[in-house]
Amino acid sequence: MQINKSDINKILLIKPRGIGDIVLSTIVLQNLKEHFPSAEIHYLVEEFAKDSVENNPLVDKVITMRKSEFVLNVANRLRKEKYDILFDLYSNPRTAQITFLSGAKFKIGYGYKGRRYAYNIKVDSGRGNLHSAEHNLELLKALDIPITSKEISYYFSSEAKEKADSFFDKTVGEKTVVGIIPSGGWASKRCDKEKWIEIIKEVKNKFNSHFIILWGPGDEEDANYIHNNLPEITTLIPPSTVDELAAFISKCKMVIANDSGPMHIAAALNVPVLGLFGPTDPQKHGPYSGNSDYVIKSDLHCIICNKLVCPYNHECMTQLPVDEILTKTGKLLNEKA
């Protein structure tokens, strides 16, 4: 469907949660701005995720909602904005309800069962082999919007940059710094802390790096365990917002990360990133950048199980091939492995 560009003044993107999912959804921004250069672009996210897009120069306004906020309250706030186009990039039952009640003229979402009613422009819900980032572009194609960019983006504040710069100056100086990201939304996606010790020791022996442990809420146990066992070669960043965490990530020569929001932030910042994968498919959820790679124990019978908790002994992480990690780390560090 083609829409008269001059009729479009306001566009809303809905992607309420999942820091990584929101970062991946920024793939649509440049394409929208080029096609509708005079339109405002707004984002609807949950309060905790505001940092993900607040500083993006292509985003004119960020609207936040509480996770349990009454749908009608959210929809009423959106109706006041008088959106011309709404892209429901999440398309779950709740965002479908919000979309349906939003008052937007064109409501676009994925045609999942039980949600089709909400959209007057529906897109095939199948993902096939598309990466999660590129799945967002399917909604733009429904309006014949040319896809001229496939870049994801993250922007942090000048205050966050100052905090990261000051911390690095005081703690690591001119050392080659590799970031370690033990985060992961599911227990099964988190590399075991004992395995992290093995990985860090081997990378240290091979490349003589120093390691910054990039952690957030829920990572305290693993982060402290790693640092307490390797205090001479690791540094813990202080408690940080998402915005500040991104600034810390930007200071690293590369990062090694579980499949997580911070992993996607690293890719969006164009920091070389090596993803550690097990229960999720790196072809669909891996770091989305040209200078990234991943490691997965692909010969396991249970690999890419998509289970939140491992029913076995977490072999996908405990048996990750360290030799392969070293080889790919060396390539990302531009050194011989």
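The values are calculated or read from the model by the stated rules, or taken from the named source; none is laboratory data. A quick note: this is a predicted structure, and the numbers were derived from the prediction, not measured. Neighbour counts run over all protein chains shown; Cβ positions are idealised from the backbone, glycine included.
Return a yes/no flag: does the range 222-236 have any residue that is within 26 Å of CYS316 (Cβ to Cβ), charged (D, E, K, R) and crowded, with 24+ Cβ neighbours inside 10 Å. Among the residues of the range 222-236, not one is within 26 Å of CYS316 (Cβ to Cβ), charged (D, E, K, R) and crowded, with 24+ Cβ neighbours inside 10 Å, which makes the answer no. In the set (1) closer than 18 Å to ASP219 by Cβ; (2) part of a helix (DSSP H, G or I), VAL255 fails one condition alone, (2).
Where strands (runs of 3 or more DSSP E) fall entirely within the range 59-146, those with at least 3 residues that are farther than 19 Å from VAL23 by Cα are at 106-110, 121-123.
Looking only at the range 290-302, residues that are surrounded by fewer than 16 Cβ atoms within 10 Å (Cβ to Cβ) and either of a type outside the set (D, E, K, R) or closer than 12 Å to SER188 by Cβ (or both) come to 6 in all. Pairing residues of the range 64-81 that are free of Cβ contacts under 8 Å to residues at least 24 places away in the same chain with residues that are among the small types (Gly, Ala, Ser) and surrounded by 11 or more Cβ atoms within 10 Å (Cβ to Cβ), at Cβ distances under 9 Å and at least 6 apart in sequence or on separate chains, gives THR64/ALA49; LYS80/GLY103. When each of GLU202, GLU198, GLU134 is tested for being surrounded by 14 or more Cβ atoms within 10 Å (Cβ to Cβ), of a type in the set (Asp, Glu) and not assigned by TED's automatic domain parsing to the domain that holds GLU221, the lone residue that passes is GLU134.
Within the option set GLY109, GLY185, being under 24 Å from the mean Cα position of the chain (by Cα), of a type outside the set (D, E, K, R) and at pLDDT below 95 holds for one residue only, GLY185. Highlighted here are the helices (runs of 4 or more DSSP H) found entirely within the range 260-337 that include at least 1 residues which are among the hydroxyl-bearing types (Ser, Thr, Tyr): 315-318, 322-332. Taken over the range 95-106, the criterion of being without any contact (Cβ under 8 Å) to a residue 60 or more places away in the chain and within 23 Å of the chain's Cα centre (by Cα) is satisfied by ALA96 alone. Entry remark, the range 208-225: residues being more than 19 Å from the chain's Cα centre (by Cα) and outside any loop (DSSP other than H, G, I, E, B) number 9 in total. Annotation note: of ASP192, ASP243, ASP222, the sole residue that is under 28 Å from SER158 (Cβ atoms), of a type in the set (Asp, Glu) and in the same structural domain as MET317 (by TED's automatic domain parsing) is ASP243. Just so you know, in the range 94-119 the residues that are touching a Lys or Arg at 6+ places or on another chain (Cβ under 6 Å) and more than 15 Å from ALA142 (Cβ to Cβ) include one that is surrounded by the fewest Cβ atoms within 10 Å (Cβ to Cβ), and it is GLY103.
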